[in-house]
Structures are given as C-alpha cells and as structure tokens.
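Everything on this sheet refers to the single structure shown next.
Every number here is computed from the coordinates shown, using simple stated rules; none is lab data. These numbers were taken from a predicted model, which means no experiment stands behind them. Neighbour counts run over all protein chains shown; Cβ positions are idealised from the backbone, glycine included.
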Amino acid sequence: MTRLTLICALLLTTCVWADETSIGYVKNVTGEASVTNGGKRFKAEVGSAVHQGSVLQTGPRSSMGVTFKDETVMSFGPDTEFVVDEYLYVPVQAKLKLGSKLAKGSLNYVSGVIAKLQPDAVTVRTPSGTIGVRGTQFVVKVEE
C-alpha cells in the first residue's frame, strides 16, 4: 500500500510540474494540427499544453488557436509553422518576454499583458524580417 501511495504521489507531482511549465494552451483546432514539445510531436487538441520551445504546426485547410498565460491570443491558418522561442511572464518582477518565429503560414495576433506592459518585449521573426508589436492586433502571412 505504501508503494502505491508513493507512486500516486509521484504521478501527481509530475502532472503538477508539467502544468507549471506550460505557457499556454490550445483553445481550438480545425483539421490537422500538431504541437511539438521536447522533440515529441503530438496531435493538437483542445487543452494541449504549449511550452517554451514548442513548435506549432497546422496542415492544409486547418487552423489552430492558442491562448498564452498573459492572455495573448494567436490564431494560425493553414500550412503554418510557428515556434515559441522565448516566453517569460513574471509581471510582479517586470520580467516579460515573448519571442517567436513564424517560419511559414499565417498568424493573427491579439496582444496580452506582456505587449500592454512592455511592447518592446514582443517580437515575431519571419524569414524576411522581424515584427515588433506596437499595437494590439496584427495579421501576418509568410509565403514559401
């Protein structure tokens, strides 16, 4: 019985730890989409965790929406590849950063707390340049 209790405690601790490292969650998915975390690719489903370093991908005729801890909302159109390079959200210590890369596809971005408190802390790199957030919403499309 003691072993079973210990195993259950370890499993619960692992689940809590995994949740603490997440920086956002998939809110909606249409068609085929995936989230790659730590080199492991998973089918994106509502509630799938997004972590720093996650690669988000959508297939043809597919879309996915993600909400981050700071209430930033991103929607991805068909054939998109997006990487969350950096995410830091500790507003009480003024530690704010959202650095990402849109390799291909389309993105609709709606600002959350990070961009409202420190606009220079949000960047989206594309193959042809870097977008700095100066407003509350933008749309970008990267063609192959």
task = Scan region 24-77 for trypsin sites (Lys or Arg not before Pro) in coil per DSSP, keeping those whose Cβ has at most 16 other Cβ atoms within 10 Å, and list them by number.
result = 61, 69
message = Multiplying the sequence separation of residue 86 and residue 120 by 0.36 nm and subtracting their Cα-Cα distance, what value in nm do you get?
response = 10.9 nm
ask   = Using the Cα atoms as the points, what is the convex hull volume per residue of region 62-144 in Å³?
value = 73
query = Are there trypsin sites (Lys or Arg not before Pro) in region 72-144 that DSSP puts in a loop and that have at most 15 other Cβ atoms within 10 Å, and which ones?
reply = 134
